[in-house]
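Asker: Input: one structure, supplied below.
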Amino acid sequence: MINHRRKYGLFAAPLAWMLTFAAPSANAFDLVVHSSMVLKALKTQVFNEKGRYYLQRPDRCSDPYLENPTVSFKQGRVYIGARFAGKIGALIGGVCKSATEPGDVTLSARPVLRGQQAALDDVRFEAADNPIVAAALQSLLGANALSKLHIDLLEAARALTAPEKTTPYSIAIRALRFSDLGVQNEELRVAVNGEVEIR
């Protein structure tokens, strides 16, 4: 039976892990995934071509991309701000006809849990400074546009409890089960059940 739930951030001190796991009946708690962790994953997994995320394969007439991402949480979704740049065009009569309309854009996605990994699904276009950019994004973006992103929650927990971070204590994660990933009060949380041994 779950008696109570506790909140814990992925980037808090390892001592907080020990206090959380050692508390009586603390077999369930909330793990808080900070926006900085989602941003880091975006930059390494999605915006990974010199800081750019190409919305389609570049050719001689078009190379639309997003850059400079930001992350926030609200209304049950993950919001991603970015700068739209690059050319949008087509080959007409053997000649490239292209236009460049840079501007700020906002996307949103629904956080989902796939096993021990957090991911983003149901990507939507939310806003753009420029109506031309808005029209282009609506045609270029699909619901799986950010499918490359994943955050391994179990590996993150194990990294935080590595011996060099918990000395003089030893923490062994025997099993963790994740459920109910979602945005609550502008935080991305996942419910965790499991067994942890502290020596």
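Asker: Past 19 Å, Cα to Cα: identify those pairs from LYS43/LYS148; LYS50/LYS87; LYS43/LYS97; LYS43/LYS74, in the order given.
Answerer: Distance filter (> 19 Å) returns LYS43/LYS97; LYS43/LYS74.
Asker: I would also like to ask the following. For the chain, what is the relative contact order in percent, using Cα pairs closer than 8 Å and at least 6 residues apart in sequence?
Answerer: That works out to 21 percent.
Asker: While we're on this one: Can you check how the C-alpha radius of gyration of the stretch 47-149 compares to 2.2 N^0.38 Å, as a plain ratio?
Answerer: That works out to 1.14 for the stretch 47-149.
Asker: Would you calculate a helix-derived [θ] at 222 nm for the chain, using -39,500 (n - 2.57) for each DSSP H run of n ≥ 4 and dividing by the full residue count, to the nearest 500?
Answerer: Value at 222 nm, helices only: -6000 deg cm²/dmol.
Asker: For LYS40 and VAL112 in the same chain, what is the full-extension length gain: residue separation times 0.36 nm, less their Cα-Cα distance, in nm?
Answerer: Length difference between fully extended and current span is 24.2 nm.
Asker: Turning to a different aspect of this structure: What are the radius of gyration and Dmax of the chain, computed over its Cα atoms and given in Å?
Answerer: My reading of the Cα-based Rg and Dmax gives 20.7, 74 Å.
Asker: Could you please report the charge total around VAL105, scoring K, R as +1 and D, E as -1 over all other residues with beta-carbon less than 9 angstrom from its beta-carbon?
Answerer: Once positives and negatives cancel, what remains is -2.
Asker: On a C-alpha basis, how far is the centre of the stretch 76-131 from the centre of the stretch 136-199 in Å? Whole number, if you could?
Answerer: Each part's Cα centre sits 25 Å from the other's.
Read-outs throughout are calculated quantities, based only on the coordinates presented, and are distinct from any laboratory measurement. All figures in this text were calculated on a predicted structure; none of them were measured in a lab. Neighbour counts run over all protein chains shown; Cβ positions are idealised from the backbone, glycine included.
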